[in-house]
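Report on the structure given below.
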Amino acid sequence: MSITEAEQKAKARAEVLRKTLHYHNRRYFVYDDPEISDAEYDRLMQELIALETAYPEIAAPDSPTSRVGSAPLDKFDTIAHHVPMLSLEKGFDTADILAFDQRVARILKTTDPIRYTVEPKVDGVAVSLVYQDGILVSGATRGDGFQGELITPNVKTIGSIPLVLQSVEDIKIPDFIDVRGEVYMTMADFKALNQIRLNQGLPLFANPRNASAGSLRQLDSTITAQRPLKMVIYGVGRTDLLKVNSHAQTIRILKALGFPANPHVETEISVNEVIGYFKRIDELRKTLDYEIDGIVVKVDRYDLQERLGSTSRSPRWAIAVKFKAMEEQTRVNDIVVQVGRTGALTPVAVLEPVSIGGVMVSRASLHNEDEVRKKDVRVGDTVLVRRAGDVIPEVVKVIPAYRDGSQLLFQMPSQCPVCSSTVVRFKDEAATRCVNAGCPAQLKGNLLHFSSKGALDIDGLGKKLVDQLVETGLVRSIEDIFRLDVDTLRQLDRMGRKSAENLVQAIYKGKKVPLSRFLYGLGIRHVGAHAAKLLAARYETIDALAAAEKEDIEAIEQVGPIMAEAVRAYFSMPENLKTIEDMQQLGLEILPETGHQKVSGRLRGLSFVLTGTLFSMTRKMATGKIEAAGGKVTGSVSAQTDYVVAGESPGSKIEQARRKNVSVIDELQLMELLREPEGE
Ligand code: IVH
């Protein structure tokens, strides 16, 4: 085959792959109804990446491969917005909504009721997206309102932002359109991101908005690609291009074109309905998994918007009505130290109780010693405390004006406040730890985690009971909970027969547990609920995981070296293996994951290492083929490796293979292994 022929084939295949990937992206993000598994999506993506890498000239600006990020920039260029990105005038209560309505009517000189479209004001970062001929050509921040920073590669990594627009029904795609919206992060994603940063000793983000802004303004878009960013659209810059005459219609069209809109938008309502909406959304806010700081009320009709016009700062046809702050000022009465299940010592500010957004707050986590120093929080300080939904309240900052010299510096104790053993702070770690494995605080924390909802889900085994069980010595290790019976439990304070029976029943039920939940419950460092699912999807049994090599674990998509090492370390400790064995003896049944995709195919269970340059395909493509056939590819040669595939100019892996007695094969032999025998 001549080069051009190969190139043409690659080009044709790439086009098919791009279409397919755009289609499945839509199914996932727009219709919330995926047709293929994430693994299959990744496989198609990998194939396209391999093609575009091998034939750079076939790359396309709208390729879904830009979702994974691209080469880092030196700096951001600036771009002028076609229409300025204005801010909004603020109101704070229903009186302000009425006043706004009256002002609008006065300027328009009308007594007809005005219709409004109302939207939650999502607390994130404003972004403008420009599409030319249906292709996303630029993404920019608000900047000073007139010029923003060009962050195109970064916005392309956000899955819910369409890279190409598909015309639907009778909607024609305009040659040009600039869509405006808010990039944000859910509370759960924000917490998970900060937890990872805490584990890695990195500075924490103060709130989801800062986390979104920080993630979006990365010169290296591959970092942005790893951040869980989302977007909602709330309008367009140029309102004349969609050939509609109201904001409500614009939102409808944008939704139809596949843009993510907030589900709580309401269109064409009266001012009284706006007031009802404001109150309802303020209530709803407590249950939402993302932060909103108010609602935005917009005059719906474009002709009226035009007549109302804008000031240099904000349009006269819209207002942001803000909710009561989720931040309040209070005094730090003390700083105490809690010991968690990992042995980490967490300084906690004991606050003068204060109501924040309707919830009384009396404690706030200070995370670790460095955070206390950075924020310079002292006992006696007046501080700003913030609560966000169900996130643990946090001290935002000290208000220095209230310092009078009586404030006391915090000192991390040198001994564990629970078991008095000496604490340590490891190099490269932000946490100070009690390393006494027998520390009752760790046992309590582990028990609570083990019985929590995401793990064994043992109803009734809450904090008070765990405290009692550990303090009375009835439970000295995790597995002891499987030894509890009604008579033993009845020795506890205020434990009636019925409660004891219920608890024993709940423990009995918890004994049958899917592998992922059991893994999560073990509380292995860096293994949260999601990671546990990844592990359980790869290994069918706990024994298979316990026997896996670090490289093998690391080969799982989304699993990094730190987690792989933590898993390896956990299963290399004999006492951990003994605990699991004891639990099984006591009746624990670890169930295979429902929906576990049994790996099948010719290469099932075989492990490969690739080295050198292959002639008919890239290593990525070879990896895809091996995995599709049920095999796996790892980075380094171990005793578990079945084959090392050697291409041209192979590296030292050949030598390692020889030493470890692993078969070395060439590319042709690999193709032979991959070939489906005829008639099968
Ligand atoms: S409309 C000219 N709608 O709030 C109209 N803004 O203070 C400009 N925001 O920079 C914005 N949700 O970042 C609008 N539904 C919404 C919004 C919203 C959040 C943010 C946006 C803007 C700021 C205005």
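Distance between the pseudo-spin-label points of HIS82 and LEU288 (7 Å out from Cα toward the beta carbon): 2.8 nm.
Share of antiparallel DSSP beta bridges in the chain, in percent to the nearest 5?
Among the beta bridges of the chain, antiparallel pairing accounts for roughly 80 percent.
With a ≥ b ≥ c taken as the square roots of the eigenvalues of the C-alpha gyration tensor of segment 516-669, please select rounded if a/c is under 1.5 and otherwise prolate if a/b is larger than b/c or oblate if it is not? Since a/c reaches 1.5 and a/b is larger than b/c, the shape of segment 516-669 is classed as prolate.
Using the average count of surrounding beta-carbon atoms within 10 Å as a protection proxy, the listed peptides 543-554, 9-20 rank, highest first, as 543-554, 9-20. In terms of packing, defined here as the mean over residues of other Cβ atoms within 10 angstrom, the peptides 340-351, 262-273 line up highest first as 340-351, 262-273.
Taken one residue at a time, the phi angles of segment 52-60 give Karplus couplings (6.51, -1.76, 1.60, θ = phi - 60°) of 5, 6, 5, 10, x, 6, 8, 4, 9 Hz. Gly and Pro are set to x. Close amide H contacts of ASP334 (hydrogens built in the peptide plane, cut-off under 5 Å, sequence separation of 5 or more or a different chain): VAL350, GLY380. For the chain, what does the relative contact order come out to in percent, with C-alpha contacts under 8 Å and a separation of six or more? Worked out over the chain, it gives 10 percent.
Each Lys or Arg adds one and each Asp or Glu subtracts one; over the other residues with Cβ under 15 Å from the Cβ of ALA430, this totals +3.
Per-residue packing, averaged as other Cβ atoms within 10 Å, sorts the ranges 279-285, 518-524, 362-368 into the order 518-524, 362-368, 279-285, beginning with the highest.
Other residues within the sphere of radius under 15 Å centred on the Cβ of THR111, judged by their own Cβ, net out at +2 (K and R +1, D and E -1). Taking amide H positions as modeled 1.01 Å from N, with prolines and chain starts lacking one, the residues under 5 Å from GLY91 and 5 or more places away or on another chain are ALA320, VAL321, LYS322.
The length gained by stretching the chain between GLU40 and GLU352 to full extension, at 0.36 nm per residue less their Cα-Cα distance, is 107.0 nm. For VAL633, the residues whose amide H sits under 5 Å from its own are PHE608, ignoring neighbours fewer than 5 places away on the same chain, with H placed 1.01 Å from N. Exposure proxy for THR111, THR222, THR472, THR4: other Cβ atoms within 10 Å of each Cβ, ordered fewest to most, give THR111, THR4, THR472, THR222.
Run the numbers for ASN245 and THR472: contour at 0.36 nm per residue of separation, minus the present Cα-Cα distance, in nm.
Numbers: separation 227, 0.36 × 227 = 81.72 nm, distance 7.20 nm.
Extra length from ASN245 to THR472 when fully extended: 74.5 nm.
The residue among SER138, ILE161, MET187 whose Cα reaches farthest toward the positive pole of the charge dipole of segment 63-207, with charges on the beta-carbon of Lys, Arg, Asp and Glu, is MET187.
Modelled spin-label separation between THR311 and ASP457, with each label point placed 7 Å from Cα along the Cα-to-Cβ direction: 5.4 nm. Is the C-alpha gyration tensor of segment 355-414 telling us rounded, prolate or oblate? Criteria: a/c under 1.5 is rounded; beyond that, a/b larger than b/c is prolate, otherwise oblate. The shape class here is oblate. Helix-only arithmetic for the chain: the sum of -39500 (n - 2.57) across DSSP H runs with n ≥ 4, divided by the residue total, places the mean residue ellipticity at 222 nm at -10500 deg cm²/dmol. Karplus-derived 3J(HN,Hα) values for segment 658-668, using 6.51 cos²θ - 1.76 cosθ + 1.60 with θ = phi - 60°, are 4, 4, 8, 6, 9, 5, 10, 10, 9, 4, 5 Hz; glycine and proline are entered as x.
Here is the list for segment 187-239: trypsin sites (Lys or Arg not before Pro) lying in DSSP coil, each with at most 15 other C-beta atoms within 10 angstrom of its C-beta, are ARG217, ARG238.
Spin-label model, MET495/ASP175: points 7 Å from Cα along the beta carbon direction are separated by 7.8 nm. Taking every alpha-carbon pair under 8 Å whose residues sit at least 6 apart, segment 630-680 reaches a relative contact order of 34 percent. Extension gain, ARG27 to ARG425: 0.36 nm times the residue separation minus the Cα-Cα distance gives 138.5 nm. Scalar couplings 3J(HN,Hα) for segment 364-377, obtained by applying the Karplus form with A = 6.51, B = -1.76, C = 1.60 to θ = phi - 60°, are 9, 6, 10, 6, 6, 4, 4, 5, 4, 5, 4, 7, 6, 8 Hz; x denotes Gly and Pro. Net charge in the neighbourhood of ALA646 (other residues with Cβ under 10 Å of its Cβ; Lys, Arg +1, Asp, Glu -1) is -2.
None of the figures in this text is laboratory data; all of them are computed from the coordinates on show. Not measured: the values here are computed from a predicted model. Please note: Cβ atoms are built from the backbone with ideal geometry, for glycine as well, and neighbour counts cover all protein chains shown.
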